[in-house]
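The values are calculated or read from the model by the stated rules, or taken from the named source; none is laboratory data. Keep in mind that this is a model prediction, so the values were computed, not measured. Glycine also receives a Cβ, built like all others from the backbone with ideal geometry; neighbour counts cover every protein chain displayed.
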Amino acid sequence: MTVEAYLNPDFGWGERLIFFAVTMAGCLVCVLLIIGGTALSASSVPGKARKAVFYKRSHNFVQRFYEMIISGSSVMFFSCSYVILNHIYSLAQEGAGGPGIETFVGVWESWKDFILLLLICLSCVLNTVLDKFIIPLKRIDKSEKASIRLLAMFYVILILIYLNFIGDESEYSPVMMYYLGLMVGRFVYFDASFSDFIEAIVNAFKNIPLLILGMALMGALTNFGFKAGYLLERNYYIVGIFYTHIFMLAAIFIIHLSHILNLFIRKPEGYDEGAKESAEESGESAEGSRQEGDDEAYYEDYGDYEEYDGEEEYYEDGYEEYEDDGDWEELK
């Protein structure tokens, strides 16, 4: 078994450029859909805060989508690696030979579970390297990343279920069991309370639209790749899906680092994002970091008023918005 067996010799640079252009277009469409949806949700925010809320939410939701693609690709790395290694083992059992094949069979039979655990760890390391250094996502916090990574496991489980349903030759049940175990462990752990469990469920469900959007993008691109002959069924469907994720990573890398979103998401005047981040890093709340007497400038800068998201109260105690000019004034 050689690496060439998993490659398509007809998938040259010209075809790769076409596939990448289609992938880039698909990613941009998804991003614009997210921005459009955010604009609609922010339209209910009154006064000057609307632009600031739209700016903050748009970047946050777009980067959550990026994290979905990054985490899904990292998990697919583990799944694809398992399928290839297991395929090599199956061929060896059928009599196929090659340099080091006997050593591989012995190691796989004795240390299979540890190898799979190592691959899971490597996928986690890959995820961190991607979203921290290569495609740095600074607009989402650790809890949001954790929720997205949890959904990424469910994202891959859905893909594997579909591959089993269409009768792919490979065996995906062990991989699905690993991911199901990780998901259950994420929801139920030793010192977890019922409120922790409910919070984890709620945080995951908040990102379901991004999961659906990511699934739709991946499905459309993979279907195009197989129909165009860029991806081959003989290489296993999961290998083609992994190739698709590589192109998706390259697309969001360019979109993210080119700052093309600045054409659609304009920073409001007076929005001092650096000051807010500095206050959060120092352990102070944005409210605690403002000085007495500059309430109006504070709200004009940050405009989020307790992270208005449709669930939390928009009006902070002691403040009201005037209908005529939208200025904020402390109630006596």
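Points to keep in mind about this one:
- Checked against the criterion of being of a type outside the set (A, V, I, L, M, F, W, C), assigned to a helix (DSSP H, G or I) and modelled with pLDDT under 80, the candidates Gly167, Gly185 yield just one match: Gly185.
- Leading residue by the ranking (farthest from Asn203 (Cα to Cα)) among those in segment 86-141 that are surrounded by 14 or more Cβ atoms within 10 Å (Cβ to Cβ) and among the charged types (D, E, K, R): Lys112
- Against the list (1) under 26 Å from Leu257 (Cα atoms); (2) of a type in the set (Val, Ile, Thr); (3) surrounded by fewer than 21 Cβ atoms within 10 Å (Cβ to Cβ), the condition Val62 fails is (3).
- Total residues in segment 24-61, condition assigned to a loop (DSSP other than H, G, I, E, B), in contact with a helix residue (DSSP H, G or I) (Cβ under 8 Å, 6 or more places away or on another chain) and touching a residue at least 12 places away in the same chain (Cβ under 8 Å): 2
- Among the residues of segment 93-122, those identified as touching a Phe, Trp or Tyr at 6+ places or on another chain (Cβ under 8 Å) and in contact (Cβ under 8 Å) with a residue 24 or more places away in the chain are Ile115, Leu116, Leu119, Ile120, Leu122.
- Within segment 21-46, being surrounded by 17 or more Cβ atoms within 10 Å (Cβ to Cβ) and farther than 17 Å from Ile265 by Cα holds for Val22, Thr23, Met24, Gly26.
- Hey, Tyr155 under 19 Å from Pro209 (Cα atoms), of a type in the set (Ser, Thr, Tyr) and either without any contact (Cβ under 8 Å) to a residue 12 or more places away in the chain or surrounded by 11 or more Cβ atoms within 10 Å (Cβ to Cβ) (or both) or not: yes
- Out of Lys227, Lys276, Lys206, one residue alone is at pLDDT 70 or above, within 25 Å of the chain's Cα centre (by Cα) and of a type in the set (Lys, Arg). It is Lys206.
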